[in-house]
Amino acid sequence: MSTTAEEQAKLVETSKRLAAYQAVKDHLLPEYTRIGIGSGSTVVYVVEAIAALGPAATSKMAFYPTGSQSEELIEAAGLTLQYISKLPAGQQLDVAFDGADEVDDDLNLIKGGGACLWQEKIVAASAKQFVCVADFRKLSPRLGMAWKKGIPIEVLPMAAPRVLDELQRMGSQTPRIRPGLPGKAGAIVTDNGLWIIDAPFAPLLLPKDTEADRGSDGAWTVDALADGLIKIPGVAEIGLFYGKNGLQVASGAQKPVAAYFGMADGSVEVKTPSS
Ligand SMILES: O=C[C@H](O)[C@H](O)[C@H](O)COP(=O)(O)O
């Protein structure tokens, strides 16, 4: 049975909402006080699910945004806004919720489709648990199979031409500076005043697939590509969230402890590092 574009869009929204409510039910414990809130269209439902718990449940909680959109979401929902810059050294968020553009079999993520990746990575890495919420379109065996627009890379504008050169040298055939939205002349500008380059690469190998940095067809492993990209002068941050499964430490944890996917049949699939 074929579905119209409108029915498909409705199905996707329903899936996002289902995943968000389940993730909040499972991972927002009543005793938590510091919660990270990511960016994007799926996180809207995370905030909706949290607000639906009511002030009795949320009044002692502070919510840490990952950019201007999530800041507005938190405030509009009547939740308490706090900033990651105010989180004392040595302290962590209890949990952070965020969406993703693509999730591979090892729970590595592509993020930044909405140009919010840098603050998102800081908030995720500041949390004891990072929980990913998505719909069925984001599930993919290897990064780059479903999300074809490329890996979002946040760059200093003056370095953009050199970064484009280096990306091509690394095997990205068509990296491009992301244009602004209709009505905005020139490049998109992030919440940090930087630009985004989208760099498509051949679908990435999981580190467990090969001992080498690259497969025989030239495809990079997630880790090797990420390690190379972040070293390019002018790159501020990359939209690959990767690393060892389930590693959750104060510095550098980027992978979710669980990823929730709203499925087309109305179920919610939960992937954890071991599943
Ligand atoms: O820059 C945007 C963020 O990384 C989003 O979390 C990601 O693009 C997923 O967004 P959405 O939930 O709208 O698909």
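The values are calculated or read from the model by the stated rules, or taken from the named source; none is laboratory data. Because the structure is a prediction, the values reported are computed rather than measured. Cβ placement follows ideal geometry from the backbone for every residue including glycine, while neighbour counts extend to all protein chains displayed. Ligands, DNA and RNA are stripped out before the accessible areas are found, and what is left, the full protein with its side chains, is counted by its heavy atoms. Shrake-Rupley method; radii C 1.70, N 1.55, O 1.52, S 1.80 Å.
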Taking the residues in region 134-170 that are within 13 Å of the ligand (Cβ to nearest atom) and open to solvent by 60 Å² or more (accessible area, probe 1.4 Å) as candidates, determine which candidate is nearest to residue 47 (Cα to Cα).
137
So, in region 51-74, exactly how many residues are away from the ligand (no atom under 16 Å from the Cβ) and either part of a helix (DSSP H, G or I) or not assigned by TED's automatic domain parsing to the domain that holds residue 93 (or both)?
5
Output the residues belonging to region 189-235 that are within 16 Å of the ligand (Cβ to nearest atom) and surrounded by fewer than 17 Cβ atoms within 10 Å (Cβ to Cβ).
189, 192, 193
Residue by residue through region 33-50, note down the ones that are of a type outside the set (S, T, N, Q), open to solvent by 10 Å² or more (accessible area, probe 1.4 Å) and touching a residue at least 40 places away in the same chain (Cβ under 8 Å).
34, 40, 45
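So that you can scan it fast, the table gives a plain yes or no per residue for (1) in contact with a helix residue (DSSP H, G or I) (Cβ under 9 Å, 6 or more places away or on another chain); (2) free of Cβ contacts under 8 Å to residues at least 12 places away in the same chain:
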{"position": "178", "(1), (2)": "no, no"}
{"position": "182", "(1), (2)": "no, yes"}
{"position": "192", "(1), (2)": "yes, no"}
{"position": "196", "(1), (2)": "yes, no"}
{"position": "203", "(1), (2)": "no, no"}
{"position": "231", "(1), (2)": "no, yes"}
{"position": "243", "(1), (2)": "yes, no"}
{"position": "255", "(1), (2)": "yes, no"}
{"position": "260", "(1), (2)": "yes, no"}
Failed item in (1) in contact (Cβ under 8 Å) with a residue 12 or more places away in the chain; (2) polar (S, T, N, Q); (3) in contact with a Pro (Cβ under 8 Å, 6 or more places away or on another chain), with residue 168 passing the rest
(1)
